[in-house]
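The block underneath contains the structure these notes are about, expressed in structure tokens.
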Amino acid sequence: MRRPRSRTLGILCVCLVLVASGVYAGVRWARGPQGSVTLLANWSGEERAQFEEHVIEPFEKKYRIDVIYQGSSALSQVLAADIAAGDPPDVAVLPGPGELLAYAVEGRLHSLDGLFDPDQYDRFWAPDISVGDEDPHTYWLPVKTGLKSMVWYAGQAPSPGAAPDRWCLGMESGATSGWPGTDWVEDILLQQAGPQVYEDWADGKLPWTDGAVRKAWRTWADMVGAGGGERVEKALVTDFADPCPPDRLEHQGSFRAETWQRAAGGDFAPFSDVLAAPGRNAGAWEVSGDLAAVLDPTPEAEQLIRYLADPSTALPEYAANRAAPSDDGQDGTERRIANILRGADGIRCWDASDAMPRATRDAFHQAVLRHLVAPGELDDRLEELEDLRVAQNLPVCSGG
């Protein structure tokens, strides 16, 4: 039998090495993710499905990191319980900066400095926050943004002074019932008193018993017919997401665009155009946002933040990243909304209740429900909220 030549042996050895490497790589791939990150947010249903398909699944595929998603409509309560048990999620996504600021002050949040380019964001969305005597740091990142200060309608644009029965009003939202009413009060104050008064109030520097605040509550009561028996009873049990009849008006955010366009070819008008007797500084927009923060700075958590901040990541709805490409699939209404949210012109202010501490926000939700039933007891409601007022320093308004 002939012995194999040395060249043949060399080729055979190389082949064996390549085969062994391929087997090892295949086994390594088959083992699945190389790490994991826990993510707590309040998205459910179609919203969660879209986020998982367009954001989570591409992230898992690209980085071999498993995202363990926990969704809850009682987000604040779940997060507080997890923290108390010593088992917080790696990353949490909360609506608005108020609750996150409290966690930053407690030392629960970790700086996001160096994980993304801050120049790609208006600092209103991802501000530098000073906690105690520390240097300023960025503690949250916008994942999803929304526009408020909108009145949805079908047909002819609404004019100021609509009667109470023209308004479609639903206050039911599970653990957060009442928030649609806080949006009304906030927006009225913003349009009547202007952004500076609004910011001072949202930051706890203006008393709840101030005349401008009291006027906003009374205006809302008059506009929707507070204390009006059957209409009020229906509003209290109607889910905020229920569709409105096309002949009605709805004071609601940009998330309602598809519902109105699909059902009635609807459009929106700025609330400042519909409110009777707005102030001379009217025209600012309330905005909302879901903000991601890190509670456990694992490498996987930091990689997720980098990915969420990547301009090429297909985030849901309206991205705040100025470097993100334009969405060619948006219709005219969606482009208008996106331009307002990301535009340099105009004044945008955080949803005030989302900028407030959690206890104040929750009490505000309950107070508007009680005011809707008994508007004559407004002084009692305002005194109760005044007892919870805490001054803070958040950049509530931006632009202009």
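Every number in this text was worked out from the coordinates using simple rules, so none of it is lab data. Predicted model only: the values in this text are computed from it and were never measured. FYI the Cβ positions are ideal-geometry reconstructions off the backbone, even for glycines, and counts take in every protein chain you see.
Brief remarks follow.
- Estimated from the Cβ-Cβ distance and a Förster radius of 35 angstrom, the FRET efficiency linking ARG358 and SER326 is about 0.45.
- Average Cα contact separation per residue, the chain, under 8 Å, 6 or more apart, as relative contact order %: 26
- Exposed-site-free run, longest, the chain (rule: GluC sites (Glu not before Pro); DSSP loop; at most 13 other C-beta within 10 Å): 135-400
- Length released on extending from GLU47 to ASP387, taking residue separation times 0.36 nm less the Cα-Cα span: 118.7 nm
- For the chain, the mean residue ellipticity at 222 nm estimated from helices alone is -12000 deg cm²/dmol, where every DSSP H run of n ≥ 4 contributes -39500 (n - 2.57) and the total is divided by all residues, rounded to the nearest 500.
- Residue by residue, region 366-380 carries 3J(HN,Hα) couplings of 5, 5, 5, 5, 6, 5, 5, 7, 10, x, x, 9, 4, 4, 5 Hz when phi is fed to the Karplus relation 6.51 cos²θ - 1.76 cosθ + 1.60 (θ = phi - 60°); x denotes Gly or Pro.
- Selection of trypsin sites (Lys or Arg not before Pro), region 286-361, meeting DSSP coil and at most 15 other Cβ within 10 Å: ARG322
- Shown here for region 179-244: trypsin sites (Lys or Arg not before Pro) in loop regions (DSSP other than H, G, I, E, B) with at most 16 other Cβ atoms within 10 Å, namely LYS205.
- Potential lengthening of the chain between SER36 and GLN366 amounts to 115.0 nm, from the contour at 0.36 nm per residue minus the alpha-carbon distance.
- Proxy reagent accessibility, fewest Cβ within 10 Å first, across SER111, SER326: SER326, SER111
- Cα gyration tensor shape of the chain, rounded if a/c is under 1.5, else prolate or oblate by comparing a/b with b/c: prolate
- Remark: the ILE68-LYS215 segment gains 48.3 nm on full extension, using 0.36 nm per residue and subtracting the alpha carbon distance.
- Neighbour-count order for CYS397, CYS168, fewest beta carbons within 10 angstrom listed first: CYS168, CYS397
- Calculated FRET efficiency for the pair HIS54/ALA277, C-beta based, R₀ 35 Å, to 0.05: 0.20
- Computed from the C-beta positions of GLN120 and GLU230, the FRET efficiency with R₀ = 51 Å rounds to 0.50.
- Top of ASP117, ASP87, ASP135 by mean-square fluctuation, Gaussian network on the chain, Cα under 10 Å: ASP135
- Other-chain or far-sequence residues with amide H under 5 Å of ASN281's (modelled H): none
- C-alpha center-to-center spacing [region 84-163, region 244-280] in angstrom: 25
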